[in-house]
Amino acid sequence: MLILAKSALSLMLGFIISMVVGIIFIPCMKRIGVGQQVSHSLEKHLKKEGTPTMGGFIFIIGTILAIICLWLYGSLEITSNILIVLVVFLSYGALGFADDYLKVRYKNNKGLSRMLKLLIQTLIALVFFYIYVKDGGKPTIDITFLNLHLNLGWTYGLFILFLLVGSSNAVNITDGLDGLAGGLSAIAFAAYGIIAWSTSWLAGYTEIAIFSFILVGSLLGFLLFNSHPAKVFMGDTGSMALGATLAAIAILTRHEISLAVIGGVFVIETLSTLIQIIAIRKFHKRVFKKAPLHHHFEELGWQETDIVKTFWVVGLILAMLMITYGVWL
């Protein structure tokens, strides 16, 4: 019951603080004219142009303030593992902010160059790997249902890079409809929060679980403003921070492979984009009417809210499957 109480308190604290931050943040962004630039290839979304962006600050600030409150109250310790999570969360958020700032500053969708983003993401991954190994982390992947324990050695650093970069970009690609990425991320972090409670062998597992539920609450507070019709978009500031942090928690809890299932919708959205790019460049044909997949359903005539709800349900089912396997079975 204590675990349930801690989870509920963390969620509630994140929600309340995030909601308050959102109430203050959005009018400020409107006053200084920080609006989203919408691609003209998405005609249905042109009416959203000018909606405040960088809304990721709402749940990032909400989460950090909630952690500080619990730390000052003595209910949370800053362990090395939670420090790794926070470094990834804030550093990827800062990278996303730089990208968003350039888009707003020059009123286009270019932002940082892909090579520069990849370089910075690689540096962050190296810092993660250094702290992880120094703290006694093992460079192995456990696939329990096959009874496999793969020691990757130094190549585990490349695996970490792949997860952090891939996951951050996957959430970024999915962030195309009101509430879609935010809702799916809340489901995914709730799943990892439950999984983290069962990893009692991990130093600081309590703090990782609490962090996950704080972020779930913060995301729910953010969704008050981001659900259709959105009053604010999370931007790269939020999506890159969420994706990389999901990967970081998956790595620390030794559930790396489960990320492909818990974040299954993110994976499908990314694959649809890759398939479309390859089909156009190599075969000069389209597999989907538009990529990523949520835009394909829009072109088929689905309402935006119906697409979001359907994707949320799929994400919830996948998360429940992995919770059942990772915690119970």
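The values are calculated or read from the model by the stated rules, or taken from the named source; none is laboratory data. Note that the structure is predicted; figures quoted are calculated from it, not measured. Cβ: placed from backbone, ideal geometry, glycine included. Neighbour counts: every protein chain shown. The accessibility values were calculated without ligands, DNA or RNA, using every heavy atom of the protein model including side chains. Shrake-Rupley method; radii C 1.70, N 1.55, O 1.52, S 1.80 Å.
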Next item on the list: Mind computing the radius of gyration and Dmax over the alpha-carbon atoms of the range 49-208? Å is fine for both.
Entry: 17.5, 52
Check: When mean projected area of the Cα convex hull in nm² is calculated directly from the model, which label among [x] 15.8; [y] 18.8; [z] 17.0 fits?
Finding: [z]
Next item on the list: Among 212, 262, 169, pick out the residue whose Cα is farthest towards the positive end of the charge dipole of the chain, where Lys and Arg carry +1 and Asp and Glu carry -1 on C-beta, about the Cα centre.
Entry: 169
Notebook entry, point to check: Taking K and R as +1 and D and E as -1, what net charge do the other residues with C-beta under 11 Å from the C-beta of residue 234 add up to?
Noted result: -4
Note to self: Tell me which GluC sites (Glu not before Pro) from the range 1-110 have a DSSP coil assignment and no more than 16 other beta carbons within 10 Å of their own.
What the structure shows: 49, 77
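Treating only the Cβ of Lys, Arg, Asp and Glu as charged (+1, +1, -1, -1), what charge dipole size does the range 114-271 show about its Cα centre? Round to the nearest 20 debye. Provide the component values of the computation, followed by the final result.
Numbers: 6 positive and 8 negative charges, 43 e Å.
The calculated dipole for the range 114-271 is roughly 200 debye.
Mean 1/r over all different Cα pairs, inverted: what Kirkwood radius does the range 181-313 give, in Å?
For the range 181-313, the Kirkwood estimate is 16.2 Å.
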Notebook entry, point to check: Going highest first, how would you order 194-205, 229-240, 137-148 by mean Cβ packing within 10 Å?
Noted result: 229-240, 194-205, 137-148
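Using heavy-atom solvent-accessible surface (probe 1.4 Å) with all chains present, what is the largest-first order of 149, 296? Don't skip to the answer; put the middle values down first.
Details: 149 120, 296 30 Å².
Ranked list, largest accessible area first: 149, 296.
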Next item on the list: Using a cut-off of 12 Å between beta-carbons, work out the net charge of the residues near residue 288 (Lys and Arg +1, Asp and Glu -1, residue 288 not included).
Entry: +1
Notebook entry, point to check: Listed highest first by mean packing, meaning other Cβ atoms within 10 Å per residue, what order do 272-278, 85-91, 245-251 come in?
Noted result: 245-251, 85-91, 272-278
Item checked: Label point distance in nm, residue 148-residue 77, each placed 7 Å from Cα along Cα→Cβ -> 3.6 nm
Notebook entry, point to check: If you place +1 on the Cβ of every Lys and Arg, -1 on the Cβ of every Asp and Glu, and leave all else neutral, what size is the dipole of the chain about its Cα centre, to the nearest 20 Debye?
Noted result: 880 debye
Next item on the list: Would you mind counting up the charge near residue 278? Only other residues with Cβ under 13 Å from its Cβ, with Lys and Arg at +1 and Asp and Glu at -1.
Entry: +4
Check: How much accessible surface area, in Å² rounded to 10, belongs to the heavy atoms of residue 313 with a 1.4 Å probe?
Finding: 80 Å²
Notebook entry, point to check: Which residue, 186, 279, 98, tops the fluctuation ranking in a GNM of the chain built on C-alpha contacts under 10 Å?
Noted result: 279
Note to self: Taking the full set of protein chains and a 1.4 angstrom probe, give the accessible area of residue 127 in square angstrom, rounded to the nearest 10.
What the structure shows: 70 Å²
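Could you pull out the pairs from 47/309; 6/107; 47/110; 30/289 whose alpha carbons sit more than 32 Å apart here?
On the way: 47/309 21 Å; 6/107 44 Å; 47/110 20 Å; 30/289 34 Å.
From 47/309; 6/107; 47/110; 30/289, over 32 Å: 6/107; 30/289.
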Next item on the list: Calculate the length of the line joining the C-alpha centroid of the range 216-277 to that of the range 85-129, in whole Å.
Entry: 16 Å
